[in-house]
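The values are calculated or read from the model by the stated rules, or taken from the named source; none is laboratory data. The shown structure was predicted, so the numbers you read here are calculated from the model rather than taken from an experiment. Note: ideal-geometry Cβ built from the backbone for every residue, glycine included; neighbour counts use all protein chains shown. Please note that ligands, DNA and RNA were not included when accessible areas were found on the heavy atoms of the full protein model with its side chains. Shrake-Rupley method; radii C 1.70, N 1.55, O 1.52, S 1.80 Å.
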Amino acid sequence: MNYVGQPVKRFEDPKLITGRGAFVDDIKLPDMVHAAVLRSPYAHARIRAIDLSTARNLSGVVAILTGADIAGVLPDIPTRAMTGERAVDELHPPEHPLLAKDKACYVGQAVALVVAQD
């Protein structure tokens with residue numbers, strides 16, 4: 001059967017819309033924490049400073065991470081190698097850090113991560 005352009009019946013909908021299903025937000029585990037990502041609203045911007053004082057003083061905040069905190073600790077996001085007919089001898093992909101450190105390169109790039117109890 002050709003599925004292109006055809007409606008596909010979703011099997012999970014009846015449970016979810018009648019309240020008998022579970023969403024990720026419904027899962028509660030002991031000592032569970034939540035993470036929120038601050039993303040850049042700018043397409044290209046230098047990061048001169050990040051003021052974390054307000055977030056650090058909130059009750060329930062477990063950790064706050066910035067690009068400076070994880071530099072040298074966590075590797076950049078890996079680039080997928082080109083194989084087969086698309087393989088190239090030299091590929092120099094740009095670095096893509098987990099959290100922007102000195103500059104944000106695109107709208108939506110992760111700049112900071114806040115981990116909290118709720």
Specify which residue in the list G5, I77, Y42 is farthest towards the positive end of the charge dipole of the stretch 1-81, using unit charges on the beta carbon of Lys, Arg (+1) and Asp, Glu (-1), about the Cα centre. G5
Around L38, which amide H atoms from residues at least 5 apart in sequence, or from another chain, sit under 5 Å from its own amide H, with H modelled in the peptide plane? V111, A112, L113, V114
Calculate, in nm to one decimal, what A87 and A22 gain on full extension: separation in residues at 0.36 nm each, minus their alpha carbon distance. 19.1 nm
With a 1.4 Å probe and all protein chains left in place, how much accessible area per residue does the chain have, in Å²? 86
Once amide H atoms are built 1.01 Å from N in the peptide plane, which residues 5 or more positions from L98, or in another chain, come under 5 Å H to H? I77
Only Lys, Arg (+1) and Asp, Glu (-1) charged, at Cβ; the chain dipole about Cα centre in debye: 340
What does the convex hull of the alpha-carbon atoms of the stretch 21-66 project to on average, in nm²? 5.3
Over the Cα atoms of the chain, what Rg and Dmax result, in angstrom? 20.6, 57
Restricting to lysines and to Cα separations under 28 Å from K103, and discarding same-chain partners fewer than 8 apart, the set is none
In sequence order, calculated HN-Hα J values of the stretch 31-46 (Karplus, 6.51, -1.76, 1.60; Hz; x Gly/Pro): 6, 6, 10, 10, 10, 10, 9, 8, 10, 5, x, 10, 6, 7, 8, 7
What translational D, rounded to a whole number of µm²/s, comes out for the stretch 73-118 from Stokes-Einstein when the hydrodynamic radius is the Kirkwood one over Cα pairs, at 25 °C and 0.890 mPa s? 183
